[in-house]
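The values are calculated or read from the model by the stated rules, or taken from the named source; none is laboratory data. Only a predicted model underlies this, so the values are computations on that prediction, with no experimental measurement involved. All Cβ positions, even for glycine, are placed from backbone atoms using ideal geometry, and neighbour counts span all protein chains on display. Ligands, DNA and RNA are stripped out before the accessible areas are found, and what is left, the full protein with its side chains, is counted by its heavy atoms. Shrake-Rupley method; radii C 1.70, N 1.55, O 1.52, S 1.80 Å.
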Amino acid sequence: MAIKEKITDYFDKYAQSLNGEKNSYLFSLRKKSIKNFQELGIPTLKNEEWKYTKLNFLNNIDFEISHSSIEGLPNNINISDYFIDNFEGDILVFINGFFEEKYSRIIENKGKIIISSLNDAKIKHSDTIEMYLTKYTDENSNPFTALNTALANDGAVLIIPSNFDSEVPIHLLNINLPLDFNLLTNTRNLVIFEKNATAQLIETSYSIGEMASFHNSVTEIYLKENSELHYNKFQNDSQKSYYIGSTQIHQEKNSRLFSTTISLGGKFIRNNLNSILDGEQSEAHFNGLYFIGNEDFIDNHTLVDHAKPYCDSKENYKGIIDDKATAVFNGKIMVRQKAQKTNAYQSNKNILLSEEATINTKPQLEIFADDVKCSHGATSGYLDKDAIFYFRSRGIDENTAQSYLLNSFSSDIIESVRNNALRDLIKTKVAKKLSMNDLYFCSILESNKI
Amino acid sequence: MNMQKEPINIVDELTQSDYKYGFVTDIEHELAPKGLNEDTIRFISAKKHEPEFMLEWRLKAFRFWQQMKEPKWANVKFPPIDYQDAYYYAAPKQSANKPKSLDEIDPEIRRTFEKLGIPLTEQQRLAGIAVDAVMDSVSVATTFKEKLSELGIIFCSMSEAIREHPDLVKKYIGSVVPYTDNYFAALNSAVFSDGSFCYIPKGVKCPLELSTYFRINASETGQFERTLIIADEGSYVSYLEGCTAPIRDENQLHAAVVELIAHKDAEIKYSTVQNWYPGDKEGKGGIYNFVTKRGICEGNNSKISWTQVETGSAITWKYPSCILKGDNSIGEFYSVALTNNYQQADTGTKMIHLGQNTKSRIVSKGISAGKSQNSYRGLVSVGKKAMNARNYSQCDSLLLGDKCGAHTFPYIEVKNNTATVEHEATTSKISEDILFYCNQRGISTEDAIGLIVNGFSREVLNQLPMEFAVEAQRLLAISLEGSVG
């Protein structure tokens with residue numbers, strides 16, 4: 001059965017299984033969204049937003065929709081293997097799209113902020129859900145967001161109270177276990193920062209198993225006045241994993257967003273990152289690094305929507321593309337008519353390491369206000385031959401020279417990751433990809449301490 | 001406070017400046033029946049005494065067009081066009097055949113072109129430009145023909161070329177822009193009525209600037225001309241194109257196709273000063289300028305350079321492109337697009353790198369004023385085999401006023417790791433600091449804006465041939481009237 005029919009079918013059965021919930025607000029949203037999904041269908045390359053993104057896998061792989069939590073883990077799987085080494089913070093574990101309290105670790109922030117699964121929040125925090133869910137998401141134009149709203153069983157609901165200030169991050173860890181069949185999961189996260197709140201959030205997604213996994217994730221984040229979020233996505237998944245993730249952020253006055261997305265592997269990754277700067281003096285910083293090989297595909301779509309005056313945005317995405325991999329970058333800066341005195345900057349730099357690597361980049365500016373300073377730049381190239389020659393003339397072989405250069409190329413993005421444990425993990429993985437020798441690797445860890 | 005207000009006043013004045021070429025020439029027209037069907041096409045083809053292959057090609061294009069849908073992707077808005085409610089052929093009525101000498105041209109027409117500043121009489125040799133003047137659908141005069149033919153250069157109207165040089169036309173027409181290319185190219189292929197044809201033989205450097213001047217005069221007509229320029233091995237040609245139209249309340253469609261072919265070591269320089277009627281201050285009327293322009297660097301070491309100054313048209317929708325097929329070939333695109341009032345422009349270029357060591361350079365300057373929308377849309381594509389391809393793109397936008405928009409949509413597709421592609425874009429307004437700096441040195445705000453706009457566009461204007469650079473600067477001055485001394 002084609003994926004679209006399968007989903008419709010699944011939804012009908014799901015709707016029939018509901019009793020009291022049928023009148024709930026959430027279900028009315030779901031009904032609207034499934035209709036949107038059916039109308040939008042699976043995008044083709046003719047759709048401008050998906051111009052370089054082939055979604056063939058949806059037709060070629062027969063996915064089953066995840067509908068219940070697991071009954072127990074296979075013996076050879078240890079969830080804590082997927083925790084970040086030396087990580088000090090709270091970890092919320094989702095397996096096949098369902099919250100698993102017994103594998104999670106919630107200690108540090110317990111009692112200080114509201115941490116709930118979407119399933120619990122449906123009842124306990126229904127007013128919050130009614131107030132925020134789908135308020136700014138692209139339900140009407142992105143079929144995967146609509147699909148998520150219609151089918152998401154679970155996810156994290158976080159409410160960070162006013163004046164909360166913590167360096168202790170919260171890690172949302174989703175693990176798909178496509179053990180016997182190809183698995184499609186939908187998770188939906190809702191994060192609300194009250195006034196003056198500061199916190200860190202990390203999202204990762206892994207799949208374990210021989211079969212294919214498709215994780216469709218949506219995160220909605222609301223930053224109230226003067227709040228600050230450090231948001232990291234780290235992606236280093238298997239050749240069996242397909243991932244589409246959307247993050248929709250709404251920023252109020254004086255709020256600050258620092259986002260870093262690091263992608264080191266995965267068969268198919270599509271990251272949508274949208275922020276609406278809807279209050280004066282708010283700031284958005286988008287950083288990204290994609291370093292992929294094999295036949296991986298990565299697509300980063302970002303939108304910074306300047307809706308109010310006096311806001312700043314700065315975007316810096318870098319890519320290293322090896323083997324037969326393909327990368328897509330599509331960044332849009334929108335400056336609405338009211339958003340005078342906007343400063344917006346965007347840059348996308350790419351290095352192609354192999355003859356069969358491909359980059360498609362499309363940085364866009366849409367500007368309706370006149371008193372603005374906006375600029376963007378994009379480059380694609382190979383490592384500078386002169387620089388390599390410089391190394392070689394000093395007795396450093398070509399491979400090492402290349403590693404040094406790529407390491408320095410990616411370092412500013414990696415350094416923008418706030419959490420030490422995550423940053424070290426990323427450095428280790430990048431160093432491994434660059435096949436750097438231990439000595440050199442020690443030296444970067446060393447320099448990091450200084 | 002005074003400082004801040006003044007620029008706005010100037011923008012107002014700018015908005016109020018008039019279109020100087022908006023007059024109508026009172027001449028009799030010969031029109032094809034309104035509407036578009038196979039009979040219209042047969043009528044046009046018969047009128048032009050075209051060989052059979054041409055008619056068949058037109059009909060094929062028309063049948064293809066009927067199956068197509070009008071594209072919607074551009075960043076422009078306009079009410080649906082009724083393709084049946086227009087004349088597809090309008091020719092100034094004149095004695096049975098084309099006049100033998102320039103003296104035989106209807107004096108009214110000659111006066112029109114004189115008014116536009118286009119010399120049709122060869123006495124004005126000082127101008128040093130060979131002109132093919134096209135009014136509505138047909139070429140009315142070509143100057144300096146004899147002198148050019150001594151060198152073996154063929155420069156004539158398209159209809160003449162189809163009659164006199166059918167082999168060349170058959171070989172090249174549609175080879176760069178096939179009728180299947182896009183909606184408006186298909187429409188043009190079906191109904192094109194005239195245009196310019198130019199062939200530069202091997203090793204010849206064309207001593208004159210060749211030029212076509214397009215004029216829409218009749219109402220309710222669409223203008224569909226087709227230009228074909230072939231530069232054979234080692235040749236060089238510089239080609240200029242200018243256009244104007246009278247002031248009318250209705251929107252008129254102009255869907256032209258330009259094809260350039262540069263063989264080995266050849267160079268084509270194509271410059272456009274586009275000044276179709278842009279519509280009035282309320283956005284009423286004006287020309288829809290939907291043009292397909294493309295050149296192919298067929299041979300090694302060839303070069304194609306597009307330069308355009310776009311100030312007219314209600315809607316401009318065009319992307320002069322280069323296919324860099326030959327090794328070491330070079331493509332260039334220099335553009336100034338100025339939009340005002342309710343004008344909309346969606347313009348840019350495509351650089352398709354196929355050969356090795358190919359280079360391209362894009363410099364695009366957008367100036368938006370009034371309530372206009374100005375978009376740059378460009379593609380740089382590097383194919384798998386394009387080793388060491390190099391591209392540099394720069395798109396700058398200048399905003400005058402807070403009701404206009406400037407947009408940039410660059411597409412970069414790279415499939416080769418030895419390629420270097422760079423793209424930069426900026427958007428800003430004329431800063432108060434710069435104006436203050438000028439004021440401080442005794443330059444009035446009015447002069448300062450002119451100075452800044454001129455400086456902003458200089459990089460492109462410098463690319464224009466001398467004679468055209470003057471016209472282009474005059475054009476920018478008209479559009480910025482009230483601000484330039």
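Applying a threshold of 24 Å to the alpha-carbon distances of A:362/A:432; A:341/B:281; A:54/A:314; B:325/B:350 flags A:362/A:432; A:341/B:281; A:54/A:314 as lying beyond it. Length available on full extension from residue B:444 to residue B:43: 0.36 nm per residue minus the Cα-Cα distance, which gives 138.5 nm.
Once each of the GluC sites (Glu not before Pro) sitting in a DSSP loop with at most 10 other beta-carbon atoms within 10 Å is removed, chain A keeps A:211-450 as its longest stretch.
A 1.4 Å probe over all protein chains sorts A:211, B:158 by accessible area into A:211, B:158, starting with the largest. Legend: residues B:293, A:429, sorted from most to least accessible area (1.4 Å probe; ligands, DNA and RNA excluded), read A:429, B:293. Legend: calculated FRET efficiency, residue A:106 to residue A:238, from the Cβ-Cβ distance at R0 = 25 Å, rounded to 0.05, equals 0.35.
Under the combined filter of DSSP loop state and at most 11 neighbouring Cβ atoms within 10 Å, segment B:258-344 retains these GluC sites (Glu not before Pro): B:282. Taking the Cβ-Cβ separation of residue B:52 and residue B:82 as r and a Förster radius of 30 Å, what is the calculated FRET efficiency to the nearest 0.05? Once the sixth-power term is evaluated, E becomes 0.45.
Taking every DSSP beta bridge with both residues inside segment A:3-385, roughly what % is antiparallel (nearest 5)?
5 percent
The loop-placed trypsin sites (Lys or Arg not before Pro) in segment B:151-245, going by DSSP, that have at most 14 neighbouring Cβ atoms within 10 Å of their Cβ come out as B:202.
A cut-off of 5 Å between modelled amide H atoms, ignoring neighbours fewer than 5 places along the same chain, links residue B:192 with no other residue.
3J(HN,Hα) along segment A:294-299, derived from phi through the Karplus expression 6.51 cos²θ - 1.76 cosθ + 1.60 where θ = phi - 60°, amounts to 6, 10, 5, 10, 10, 9 Hz, with x in place of Gly and Pro. Accessible area per residue was computed with a 1.4 Å probe on protein heavy atoms; residue A:423 scores about 30 Å².
Rolling a 1.4 Å probe over the protein heavy atoms leaves residue B:277 with an accessible area of roughly 10 Å².
For chain A, modelled as a GNM whose springs connect Cα atoms under 10 angstrom apart, the maximal fluctuation among A:404, A:82, A:390 occurs at A:390. Comparing Cα centroids, segment A:290-359 and segment A:100-162 end up 27 angstrom apart. Using a cut-off of under 20 Å, list every residue of segment A:332-350 whose amide N is near the label point 7 Å from the Cα of residue A:412 along the Cα-to-beta-carbon line. So the set is A:332-333, A:343-350.
The modelled label-to-label distance between residue A:77 and residue A:114, using points 7 Å beyond Cα along the C-beta direction, is 3.1 nm. Sorting A:67, A:250, A:125 on solvent-accessible area from highest to lowest, probe radius 1.4 Å, gives A:67, A:125, A:250. Can you tell me the FRET efficiency between residue B:181 and residue B:437 if r is taken as the Cβ-Cβ distance and R0 is 56 Å, rounded to the nearest 0.05? Computed FRET efficiency for residue B:181 and residue B:437: 0.70.
Among the trypsin sites (Lys or Arg not before Pro) in segment B:54-92, those placed in a DSSP loop whose Cβ has at most 16 other Cβ atoms within 10 Å are B:69, B:72, B:77. Within the assembled protein chains, the solvent-accessible surface assigned to residue B:447 is about 70 Å², based on a 1.4 Å probe.
Here segment A:365-388 and segment B:148-169 have alpha carbon centers that stand 46 Å from each other.
For segment B:180-194 and segment B:396-466, what is the separation of their C-alpha centers, rounded to whole Å? Between the Cα centres of segment B:180-194 and segment B:396-466 lies a distance of 34 Å.
Working from label points 7 Å from Cα in the Cα-to-Cβ sense, the residue A:371 to residue B:282 distance is 3.1 nm. Here each label is just a point 7 Å from Cα along the line to Cβ, and for residue A:25 and residue B:70 those points are 4.4 nm apart. Along the Cα-to-Cβ line of residue A:343, 7 Å from the Cα, sits a label point; which residues in segment B:392-410 have backbone N less than 16 Å from it? Residues passing the 16 Å test: none. Taking a straight line from the alpha carbon of residue B:47, these lysines sit under 20 Å away, with near neighbours fewer than eight places off in the same chain left out: B:34, B:60, B:93, B:98, B:100, B:170.
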